[in-house]
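Heads up: the structure comes next, in C-alpha cells.
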Amino acid sequence: MNTQRISRVREEMKQHSFDQLVITSPDSIFYLTGIDIHPGERLFALLIDQERCHLIISALFPLKEETLPVTYFTDDVDSIELLSKSIIDQGVIGIDKFWESHFLLRLMKIKNNLSYEIGSIAVDNCRLTKDEDEREKMRHASKLNDEIMSEIISYIYNEAPNGNLTELKVQNQIKKLHEDKGIHELSFTPSVCFGANGAEPHHDCDDTVLKEGMAVVIDMGGKVNGYCSDMTRSFFYGDATEAYTKVYNLVKAANEAAIKAVKPGVKLSDVDKAAREIIENAGYGAYFTHRTGHGIGIQVHEFPDVSSVSQNTCLTGMTFSIEPGIYLKDQFGVRIEDLVLVTEEGVEVLNRFMK
C-alpha cells in the first residue's frame, strides 16, 4: 500500500466532503495499493475513510501479501451486502465513476440514507501529477515505443515493394515487436491506416494493401511496468503530393505550437487553442474533429483532457498527449502525437522519434 498516495486521497476527500470513498477501478486500486487484479464481473472494491483502508475481493484472487485489511468472499455470498457492513449509515459517500450500475443500485437500496456522489475526482486529482518513479516509467515506456516505431518503419520500407503489405500485417508486426521487447500488454490495439483509411481517426485495420502514392498513419503504444506509451506518426509512401505536404506541415506546426505552450499554470484549453488556431487559420478547422490530447499514465486515456472546454491547468508532473490531426474524407489523414511531461521549467517531450 502506498501510504503517501492514500494520504493525498484523504486530503482530497476532505476538500470534497466525502466521508467514505468506494474505489472499484482496478487501475486506481493498483495506483494506491500496488495490487494488479482485473476481476471481471466480480466485485473488487477498496473502501477508504479518514482512519482505515479495507479491500474486498473474491476468494478467486488470493493475495500473496496483504498490506492492508482484506475481506474475501465466495460466489455464494452477496458481495454488496458484505460491503455494506463496512459502510456508514449516514453522510456522503464517493462512488467510483466506473462502477457498474447493478452494484451501485443494490448498495443504494441497502444504504438508502446516504448521499451518493461521484468520488473519482479524489483519486483522479492525485493520479494526474506523476511522482518521480512514475515519470521514469513513462519515459522508459516512450523510449521503447520510439524504438518500435523505428523498427516498424524499416519493416514497411522493406516489405512494401513486394506489393502485398496490408494494414493487418503491419499491425501484427507491431504486436510482435512489442513482444520481442518483453511488452505483453498494449496500451490499445495498434492503428495502421493506408490511404483514404487515414481519414478515419479510429479506423479498424483491414486488408488494404499499401501502394505507392498512399499516406500512412500509425498510432501505437505499449504498457511497461504498469504505465502506458502512446504515439502517432504520419508518413507518405512515395513522393508526397503537394496537398499532403501542406496538410502535414500544418499538423506538425500545430503539434509543435501546442508543445511550446505547455508550462505550469497554463490552461489546458489554451494548449488546445495553440494547436487549433493554426489549423483553423489555414481553413482546415472543420477537419480537426477531436480534442488536442488526453491524460495518460496507468491508463492510456486518463483525466484530464486537453480540449477547448478543459477546466484544468498544467501542473508539474502531469503527462498528456499532444495529437492534432486533419482528416480529409476519401483522401488521407495526418495526425502527429507526442507525449509530454510538464516540468518546473516548462515541458519535456517524451517521444524522440522524428516527425
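DSSP assigns beta bridges within the chain; of those with both partners inside it, close to 75 percent run antiparallel.
In terms of its alpha-carbon gyration tensor, the range 27-131 comes out oblate; a/c meets the 1.5 threshold, while b/c is at least as large as a/b. Applying the Karplus relation 6.51 cos²θ - 1.76 cosθ + 1.60 with θ = phi - 60° to the range 31-36 yields 3J(HN,Hα) values of 4, 8, 10, x, 8, 10 Hz, where x marks Gly and Pro. Annotation: amide H-H contacts under 5 Å for Ser58 (H modelled 1.01 Å from N, sequence separation of 5 or more, or interchain): Phe73.
Divide the volume of the convex hull around the Cα atoms of the range 61-214 by the residue count and you get 211 Å³ per residue. With contacts taken as Cα pairs under 8 Å at a separation of at least 6 residues, the range 72-174 carries a relative contact order of 22 percent.
Considering only C-alpha atoms, what is the centroid distance from the range 291-355 to the range 40-116, in Å? Computed from Cα coordinates, the inter-centre distance equals 34 Å. Are any of the pairs Lys14/Lys109; Lys97/Lys176; Lys130/Lys181; Lys143/Lys273 more than 31 Å apart by Cα-Cα distance, and if so, which? From Lys14/Lys109; Lys97/Lys176; Lys130/Lys181; Lys143/Lys273, over 31 Å: Lys97/Lys176. Here the range 220-355 exposes an accessible surface that is 49 percent carbon and sulfur, computed with a 1.4 Å probe and the other protein chains kept in place. Looking at the range 236-294, the accessible area is 50 square angstrom per residue; that uses a 1.4 Å probe and ignores ligands, DNA and RNA. The share of Cα pairs per 10 Å bin across the range 237-355, counted from zero up to the longest distance, runs 14, 47, 29, 9, 1 percent. With equal scatterers on the alpha carbons only and no solvent term, can you work out the Debye log10 of I(q)/I(0) for the chain at 0.07 1/Å? Taken in order of the listed q values, log10 I(q)/I(0) reads -0.36. Of Ser321, Met220, Val266, which is farthest towards the positive pole of the range 205-331's charge dipole, taken about the Cα centre with +1 and -1 on the beta-carbons of Lys, Arg and Asp, Glu respectively? The residue sitting most towards the positive pole is Val266. The listed peptides 143-154, 286-297, ordered by packing as a protection proxy, come out as 286-297, 143-154 (highest mean of other Cβ atoms within 10 Å first). From the alpha carbon centroid of the range 261-289 to that of the range 156-228 is 27 Å. Between Lys64 and Tyr116, the simple label model (points 7 Å from Cα in the Cβ direction) yields a spacing of 3.7 nm.
If you filter the range 148-256 for trypsin sites (Lys or Arg not before Pro), then keep DSSP loop positions with at most 15 other Cβ within 10 Å, what is left?
Values: sites: Lys169, Lys175, Lys176, Lys181, Lys211, Lys223, Arg233, Lys246, Lys252; in loops: Lys181, Lys211.
For trypsin sites (Lys or Arg not before Pro) across the range 148-256 that sit outside H, G, I, E and B with at most 15 neighbouring Cβ atoms in 10 Å, the list reads Lys181, Lys211.
From most to least packed by mean Cβ count within 10 Å, the peptides 120-133, 317-330 give 317-330, 120-133. Global size of the range 151-233: 12.7, 39 Å for Rg and Dmax (C-alpha atoms, Rg to one decimal, Dmax whole).
Phi-derived couplings, Karplus 6.51 cos²θ - 1.76 cosθ + 1.60 at θ = phi - 60°, listed residue by residue for the range 317-334: x, 6, 10, 7, 8, 10, 9, x, x, 10, 10, 9, 3, 6, 10, 6, x, 9 Hz, with x used for Gly and Pro. Rounded to whole numbers, the Karplus 3J(HN,Hα) couplings from phi for the range 266-272 are 7, 5, 5, 5, 6, 5, 4 Hz, using 6.51 cos²θ - 1.76 cosθ + 1.60 with θ = phi - 60°, and x at Gly and Pro. Residue ranges 203-209, 215-221 sort as 215-221, 203-209 when ordered by packing (mean number of other C-beta atoms within 10 Å per residue, highest first).
Based on Cα contacts under 8 Å between residues 6+ apart, the range 118-270 shows a relative contact order of 21 percent. Reported value for the range 177-316: 129 Å³ per residue, from the convex hull of its C-alpha atoms.
What whole-number value in Å² describes the accessible area per residue of the range 109-166 for a 1.4 Å probe?
Values: 2740 Å² over 58 residues.
Spelled out: the 1.4 Å probe surface of the range 109-166, per residue, equals 47 Å².
The values are calculated or read from the model by the stated rules, or taken from the named source; none is laboratory data. Note that the structure is a prediction, hence the values are computed from the model and not measured. FYI the Cβ positions are ideal-geometry reconstructions off the backbone, even for glycines, and counts take in every protein chain you see. What goes into the accessible areas is simple: the full protein's heavy atoms, side chains included, and nothing from ligands, DNA or RNA. Shrake-Rupley method; radii C 1.70, N 1.55, O 1.52, S 1.80 Å.
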